Amino acid sequence: MSENRHKRAVFLTGAAGGIGEALVRELIESGYLVFAGVRRSRGALDALPHVVTVPVDVTDPDSVEDAAKEVSDHPAAAHGLHALINNAGVIVQGPLELVPPAELRRQFEVNTFGPTHVTRSFLPLVRSGGGRVVNVSAPTARTPLPMLAPISASKAALQALSDAQRLELAAWNIPVIVVEPGATETSIFASADAAAKAAAGSADPDLLALYAGHRAAFAEVMARQKNGPVDRVVRTIVAAVEARRPKRRYVAGSDARALGMLSRLPAGLRERLITSSFKLGKVSAGAA
Ligand SMILES: NC(=O)c1ccc[n+]([C@@H]2O[C@H](COP(=O)([O-])OP(=O)(O)OC[C@H]3O[C@@H](n4cnc5c(N)ncnc54)[C@H](OP(=O)(O)O)[C@@H]3O)[C@@H](O)[C@H]2O)c1
């Protein structure tokens, strides 16, 4: 414990799997004491040195407030936080007309309102630690993609919140940093697919038939997608945590950089390129 008192402390959400879990391990290697926010502990983190697991559901402001209190009462956070990393996230996918309202709400609750609750509750610790806020976004924040409207919109909103709050927190020299990972090998896509299939199971069959071509085209896109290694994103987030003068945005992966470049093209050209890459030009509308 006394050793932990002298380490710089960070808090992150979504630490139980995917990018978050790998990030915990890399941050420990880099010498940090990690407060690892987990919705459901899977035990793997509990055995690691210099990790304190903290239960948190980012969609529940009371749970977030309890987590912030738990961290601030911990002796290892006596000097505040060097970084708060909003990493927890989900993908809600499918043609927007088919997305159930509760699923759309879940998308924003986790990806947009969640980081907002977490940042609000943890800012006193970030302020006292001379720390920074790192928000894990996605390239679809800048280049929204078809069949990915919910995730694109949730991350675009997160981007806008980050850009505005950066200006507010400049008064305390607290950087607000956005990280855009490209497609990465985690279970996020399998979870999104399972949720979309469950939603389709209770959808109006006529509406499903209308979008049969779109859904098949999207399935092809996902089958073609090449997911990069988790390490690539982890290294990028650690660079954002460590930089003396951090950039506003870090992009991990050539696919993410390509999507970022698309956002700067004229809208007509951008839409033609996306339509062609999704092969949506060949999709005929189902009979109405
Ligand atoms: N993988 C990619 O290709 C990719 C690309 C761009 C951006 N990103 C972003 O990177 C971040 C991490 O994603 P990932 O790929 O590592 O996904 P992942 O493996 O599915 O991990 C997501 C984490 O978020 C947690 N989470 C979900 N809902 C939560 C809630 N209500 N409260 C607290 N935690 C919650 C999950 O916990 P449970 O296990 O308990 O559900 C899980 O630990 C996300 O923000 C994602 O949008 C990922």
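Taken together, the values in this text are just the output of simple stated rules run on the coordinates, not laboratory data. Bear in mind that the values here come from a model prediction, so they are computed numbers and not experimental data. Positions of Cβ are generated from backbone atoms using ideal geometry, with glycine treated the same way; all protein chains shown enter the neighbour counts.
Compactness of the stretch 53-198, taken as the C-alpha radius of gyration over 2.2 N^0.38 Å, stands at 1.09. With 10 Å bins beginning at zero, the pair-distance distribution over Cα atoms of the chain amounts to 6, 28, 34, 20, 9, 2, 0 %. Summing charges over neighbours of Leu207, with a neighbour being any other residue whose Cβ is under 13 Å away from its Cβ, gives -2 when K and R count +1 and D and E count -1.
In summary, the convex hull built on the alpha carbon positions of the stretch 151-288 has an orientation-averaged projected area of 10.8 nm². Projecting label points 7 angstrom from Cα along Cα→Cβ for Asp206 and Ser30 puts them 5.5 nm apart. Taking the Cβ of Met261 as the center, what net charge do the other residues with Cβ under 14 Å away carry, scoring Lys and Arg +1 and Asp and Glu -1? Its environment carries a net charge of +3. In this structure the amide hydrogen of Tyr250, modeled in the peptide plane, comes within under 5 Å of the amide hydrogens of Val178, Val179, Glu180, none closer than 5 places in sequence on its chain. Determine the distance separating the Cα centre of the stretch 215-229 from the Cα centre of the stretch 1-77; give it in Å without decimals. Each part reduced to its Cα centre gives a spacing of 33 Å. Couplings for the stretch 202-208, taken from phi via the Karplus curve 6.51 cos²θ - 1.76 cosθ + 1.60 with θ = phi - 60°, read 10, 7, 4, x, 5, 5, 4 Hz in order; Gly and Pro are left as x. With Rh defined as the Kirkwood radius, the inverse of the mean 1/r over Cα pairs, the Rg/Rh of the stretch 1-105 is 1.06.
Multiplying the residue separation of Arg270 and Lys69 by 0.36 nm and subtracting their alpha-carbon distance yields 67.8 nm.
Using helices alone, what [θ] at 222 nm do you get for the chain, with -39,500 (n - 2.57) per DSSP H run of 4 or more residues, divided over all residues and rounded to the nearest 500?
Values: 12 runs with 139 residues, N = 288.
Helices in the chain give a 222 nm mean residue ellipticity of -15000 deg cm²/dmol.
Electrostatic bookkeeping for Ala149 treats Lys and Arg as +1 and Asp and Glu as -1; over the other residues with beta carbon under 12 Å from its beta carbon, the sum is -1. Each residue of the stretch 70-82 was assigned a 3J(HN,Hα) from its phi angle through the Karplus expression (A = 6.51, B = -1.76, C = 1.60, θ = phi - 60°), giving 4, 5, 6, 7, 7, x, 6, 9, 4, 9, x, 10, 6 Hz with x at Gly and Pro.
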